[in-house]
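Report on the following structure.
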Amino acid sequence: MRATNPSGKSGETLAENVAARLVAEIAAGNRSPGSKLPSIRNAARDYGVSKNTIVEAYDRLAASGHVIPKARSGFTVSKTAQTNGMRPKHVSEAVDIASLLNAQLEESFEIRVGDGRPPPAWTEESEIRRHLGFLGRGPSPGADGYGSAWGFPPLRQQIARRLGNQHIQATEKEILLTFGANHALDLVVRAFLAPGDVVLVDEPGYYPLFAKLKLAQVRVIGVRRLPDGPDVEDFTAKVSAERPKLFFTQSIGHNPTGGSISLSVAHSILTAAAKHNVTIVEDDPFADLSLVAPNRLATLDQLNHVISIGTFSKTLSASLRSGHIAGRADKIAALAELKMLTTVNSSGHVERLLHRLTSEGHYDRHLKRLAQRIEAAATRVHAALGRNGYSIFAGNGGGYYLYLLLPEGIDDIELARLGAKESIFIAPGSVFCIDKKSPMAAGIRINVSRAEDERFFDFLLRKLL
């Protein structure tokens, strides 16, 4: 008889749950290659299961290649040197940077406070399922062909109108549809950067971008992030000394700190960038939520020196991989050519569904509900953390995140490892930093939509105070 796990996924055995948790720990870098797994006795005690369950879990890990059984020595985490030895150094480093993404995709954690997205119930119930059926109701012209590399024209027109609501003037020819924001960033990196080029990024900032830049073999320099946006003095000094080609930043609802740029900082950043002919790539996943004053660089600049990236993945289902790039027509044309070479086109069916949702009012109704949920959750989480005297880096900046600064002597990676033992997924601050010794590395990203479980607050009380 299978021993099922009452707190895990439906139908999952205890052994499967333990194995999945260990895989997540390995993916997050909490168990390094060559390190020994706990003895069967100790693991049974740590995970609260029988020795037979641990034996089965370890056997599963051995079968999947995650660990290697050694006679009289137990089990050790598989060394990746053989695989990595076949990769160029920059590829291995890029994969290492993205380790948190592997952990985030792992579904075994019960409390996902470090996740980048809200719970499925916050987005999946946004009328998507009700409207999926329309795709099968009769053929749409061109729906079964490749379609244009630029993307479904009516959706591009709708996005242009929505950008207009943000006071960004863009035509259909200045908008390219993509498979989400990450695909958009990848296209920008490939199109406009060459090995050896210099770029500036927010620090802390969006770690999947760091991995893409490492893969492109460019030199990445962090710009200190403050609660009201990039540090103007730091940016001005580095843009003058380093002569970067691009500056990647997130102005609103910054990931991971949660802060948003002030109007004065936005003007100063644009002035310095224009002076040194630096193009700014502004990632704007929360553009449609309008939770804070929209001091967007793209609005102030009108896409002259700014490329704007948007996505539906943070506000609708992550499985609907669709986003867009807005910028000068010549830049968008170059990106469209690259997209055609690499992916031919994007998903016509998904784009038609999104056009229907955005043009018929369904999306706006969903956004209103989502914004109310975010504001309410942020208020409660801020209050709960404040009652215990924790230091929060920035106020609610219009997205899902806030950044908890750790007390002196607390290691963020160790805290994440301890959290994993209790099925709590924690996003350590050092993952978001270019300089692992940065003061901002001593923190954790908290997703307010997933942080109201009392077990998480109890964990913080036990580990931080």
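Rule-based calculations on the coordinates, nothing more; no lab input. Just so it is clear, the structure is predicted and the values come from calculations on it, not from any experiment. All Cβ positions, even for glycine, are placed from backbone atoms using ideal geometry, and neighbour counts span all protein chains on display.
Points worth noting:
- Counting every C-alpha pair in the range 142-361, the share spaced more than 33 angstrom apart comes to 11%.
- Extending 7 Å from the Cα toward the beta-carbon at both K275 and R161 defines two label points whose distance is 4.2 nm.
- Net lengthening on full extension, S64/D458 (0.36 nm per residue, minus Cα-Cα): 138.4 nm
- Label zone at K36, where the point sits 7 Å out along the Cα-to-Cβ direction: the range 43-61 residues whose backbone N lies under 14 Å: 43
- The modelled label-to-label distance between A383 and H267, using points 7 Å beyond Cα along the C-beta direction, is 3.7 nm.
- Gain in span if fully extended, R219 to K51, counting 0.36 nm per residue against the direct Cα distance: 55.6 nm
- 3J(HN,Hα) couplings calculated from phi for the range 35-49 with the Karplus curve 6.51 cos²θ - 1.76 cosθ + 1.60 (θ = phi - 60°) are, in sequence order, 6, 7, 6, x, 4, 4, 4, 5, 5, 4, 5, 5, 9, x, 10 Hz; Gly and Pro show x.
- Full extension of the chain segment joining A334 with I410 gains 22.7 nm, where the gain is 0.36 nm per residue of separation less the Cα-Cα distance.
- Fraction of antiparallel bridges per DSSP, the range 252-398 only, in percent to nearest 5: 50
- 3J(HN,Hα) along the range 181-197: 5, 5, 5, 4, 4, 4, 5, 4, 4, 5, 6, 10, 10, 10, x, x, 5 Hz, from the Karplus curve 6.51 cos²θ - 1.76 cosθ + 1.60 with θ = phi - 60°, whole Hz, x for Gly and Pro.
- Virtual spin-label span in nm between S391 and A121, 7 Å along Cα→Cβ: 3.5
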